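**Student:** Once you've had a glance at the structure underneath, I'll fire off some questions.
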Amino acid sequence: MPLRVSAIFCDMDQEEINTREIKPITMPGVHSRAYKYLSGFMKDKDLKKVLDVGAGHGAFSKQLYEDGFQVSACDLHPDNFYFDRVECRQADITKQLPYEDSHFDIVVLIEVMEHIHDHVTLFRECNRVLKKDGILFFSTPNILSLKSRIRFLLTGFFSAFKPLNHQGIEGRQHVAALTVDQFTFLSQRAGFSTVDISIDKKQKSSLWWSGLIPMIWFWCFIKGIPFQLHNRNQYLMGRLLFFKITK
């Protein structure tokens, strides 16, 4: 039995609802790679209750639901959520999430972090709604890749970022480019214990610039900056970063 149909469907018949296309609002392949990464440890640890934050049309919620997980979802614009088997609540994720404490095994944010400014509140809220040993998972553009660094050198903008429309639609632009070090700092400040980082795939366009790695190593050495902090191979070559953060 459907939990809820978003308000936009109230005056529609079932045939019209079914024409709504539930598709990822991300780059091609992001959902499939994120799901493959997530589903392994979720099933191994019997993590069942999942919150999909910034759920968009509901493509990732649908995939989780059809694989047997207990899924809840929230979004700034829940009327755009088209999967009627999962409840999607309205939520401004820079404020309090509309869920009780210690309720979920895992909180998922697919390509959301770059769209908001107040990460401190979001990390704290994710920690609050997670059970003990619960997991926060998110993906975000990798601004540390060699491709991204070259783009910033030439244009002043990282990969996946561009000049902002200052009168743009709320929530749709990439407004925050954070590093691994910054995300680790935010997670620890919010009370999380461990951070594991992976990538979705390697980029050939970053591999082309691999000749710069000895120069990066040398510069970090003379400046006393730990080379591995931002210059591991996966950071230099990856398209997106996957963060798995444990409470």
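The values are calculated or read from the model by the stated rules, or taken from the named source; none is laboratory data. Keep in mind that what you see is a predicted model, and the values were worked out from it rather than measured. When we count neighbours, we look across all protein chains shown, and the Cβ atoms used for this are built from the backbone with ideal geometry, even at glycine.
**Student:** So, of the residues in the range 57-75 that are under 19 Å from Glu100 (Cα atoms) and of a type in the set (Gly, Ala, Ser), which turns out to be nearest to the chain's Cα centre (by Cα)?
**Tutor:** Step by step, filter the range 57-75, then rank; the result is Ala73.
**Student:** Here is a further query. Which of the following residues is among the basic types (Lys, Arg), more than 21 Å from Tyr37 (Cβ to Cβ) and in contact (Cβ under 8 Å) with a residue 60 or more places away in the chain: Arg172, Arg124?
**Tutor:** Values: Arg172 fails: in contact (Cβ under 8 Å) with a residue 60 or more places away in the chain.
Within the list Arg172, Arg124, the selection yields Arg124.
**Student:** Report the residue count in the range 187-231 for those that are farther than 24 Å from Ile135 by Cβ and among the acidic types (Asp, Glu).
**Tutor:** First, pick out the residues of the range 187-231 that are farther than 24 Å from Ile135 by Cβ: 202-227, 231.
Now narrow it down to the ones that are among the acidic types (Asp, Glu): none.
Adding up the residues that qualify gives 0.
**Student:** Restricting attention to the range 117-159, and to residues there that are touching a Ser or Thr at 6+ places or on another chain (Cβ under 8 Å) and assigned to a loop (DSSP other than H, G, I, E, B), which single residue is modelled with the lowest pLDDT?
**Tutor:** Across the range 117-159, the extreme among qualifying residues is His117.
**Student:** So which residues in the range 70-87 are without any contact (Cβ under 8 Å) to a residue 24 or more places away in the chain and either at positive phi or not small (Gly, Ala, Ser) (or both)? Working first, answer last.
**Tutor:** Going through the range 70-87, the residues without any contact (Cβ under 8 Å) to a residue 24 or more places away in the chain turn out to be 70-71, 73, 75.
Those that are without any contact (Cβ under 8 Å) to a residue 24 or more places away in the chain and either at positive phi or not small (Gly, Ala, Ser) (or both): Gln70, Val71, Asp75.
**Student:** So, Lys23, is that one touching a strand residue (DSSP E or B) at 6+ places or on another chain (Cβ under 7 Å), surrounded by fewer than 21 Cβ atoms within 10 Å (Cβ to Cβ) and either modelled with pLDDT under 90 or more than 24 Å from Leu186 (Cα to Cα) (or both) or not?
**Tutor:** On the way: touching a strand residue (DSSP E or B) at 6+ places or on another chain (Cβ under 7 Å): no; surrounded by fewer than 21 Cβ atoms within 10 Å (Cβ to Cβ): yes; either modelled with pLDDT under 90 or more than 24 Å from Leu186 (Cα to Cα) (or both): yes.
No: the conditions fail for Lys23.
**Student:** Among the residues of the range 53-75, write down those that are assigned to a loop (DSSP other than H, G, I, E, B) and crowded, with 17+ Cβ neighbours inside 10 Å. Write out each step before concluding.
**Tutor:** Quick first cut of the range 53-75, residues assigned to a loop (DSSP other than H, G, I, E, B) only: 54-58, 67-69.
Residues satisfying the conditions are Gly54, Ala55, Gly56, His57, Gly58, Phe69.
**Student:** Which of the residues spanning the range 175-193 are touching a residue at least 60 places away in the same chain (Cβ under 8 Å), part of a helix (DSSP H, G or I) and surrounded by 15 or more Cβ atoms within 10 Å (Cβ to Cβ)? Full working, then the answer.
**Tutor:** Here is the first cut: in the range 175-193, the ones touching a residue at least 60 places away in the same chain (Cβ under 8 Å) are 175-178, 180, 183, 186-187, 189-192.
Okay, now just the ones that are also part of a helix (DSSP H, G or I), so 180, 183, 186-187, 189.
If the condition is that a residue be touching a residue at least 60 places away in the same chain (Cβ under 8 Å), part of a helix (DSSP H, G or I) and surrounded by 15 or more Cβ atoms within 10 Å (Cβ to Cβ), then Val180, Phe183, Leu186, Ser187 are the ones that fit.
**Student:** To continue, here is another question. Can you pull out the helices (runs of 4 or more DSSP H) entirely within the range 198-243 that have at least 2 residues that are modelled with pLDDT of 95 or more and among the β-branched types (Val, Ile, Thr)?
**Tutor:** Working: elements: 204-207, 213-223, 227-230, 233-237.
Correct list: 213-223.
**Student:** Let me ask another. If you go through the range 113-166, how many residues are more than 16 Å from the chain's Cα centre (by Cα) and charged (D, E, K, R)?
**Tutor:** 8
**Student:** Moving on. How do the pairs read when you match residues in the range 25-42 that are closer than 15 Å to Ser198 by Cα with residues anywhere that are assigned to a helix (DSSP H, G or I) and polar (S, T, N, Q), using Cβ under 6 Å and keeping only pairs 6 or more apart or on different chains?
**Tutor:** Every condition considered, the pairs that remain are Tyr35/Gln63.
**Student:** In the range 83-100, what residues are touching a strand residue (DSSP E or B) at 6+ places or on another chain (Cβ under 9 Å) and assigned to a loop (DSSP other than H, G, I, E, B)?
**Tutor:** From the range 83-100, those touching a strand residue (DSSP E or B) at 6+ places or on another chain (Cβ under 9 Å) are 83, 85-91, 93, 97-99; that's our starting set.
Residues satisfying the conditions are Phe83, Arg85, Val86, Glu87, Ala91, Ile93, Leu97, Pro98, Tyr99.
**Student:** Among the residues of the range 227-247, are any in contact (Cβ under 8 Å) with a residue 12 or more places away in the chain, more than 24 Å from Pro28 (Cβ to Cβ) and touching a Lys or Arg at 6+ places or on another chain (Cβ under 8 Å)?
**Tutor:** Going through the range 227-247, the residues in contact (Cβ under 8 Å) with a residue 12 or more places away in the chain turn out to be 229-231, 234-247.
Filter once more, keeping what is more than 24 Å from Pro28 (Cβ to Cβ): 229-231, 245-247.
If we keep only those that are touching a Lys or Arg at 6+ places or on another chain (Cβ under 8 Å) as well, we get 247.
The answer is yes, given that some residue of the range 227-247 is in contact (Cβ under 8 Å) with a residue 12 or more places away in the chain, more than 24 Å from Pro28 (Cβ to Cβ) and touching a Lys or Arg at 6+ places or on another chain (Cβ under 8 Å).
**Student:** Just need a number here: residues in the range 80-127 that are surrounded by fewer than 17 Cβ atoms within 10 Å (Cβ to Cβ) and farther than 25 Å from Ala176 by Cα.
**Tutor:** 5
**Student:** I would also like to ask the following. Let me confirm something: among Phe104, Phe83, which residue is under 26 Å from Thr121 (Cβ atoms) and not aliphatic (A, V, I, L, M)?
**Tutor:** Working: Phe83 fails: under 26 Å from Thr121 (Cβ atoms).
It is Phe104.
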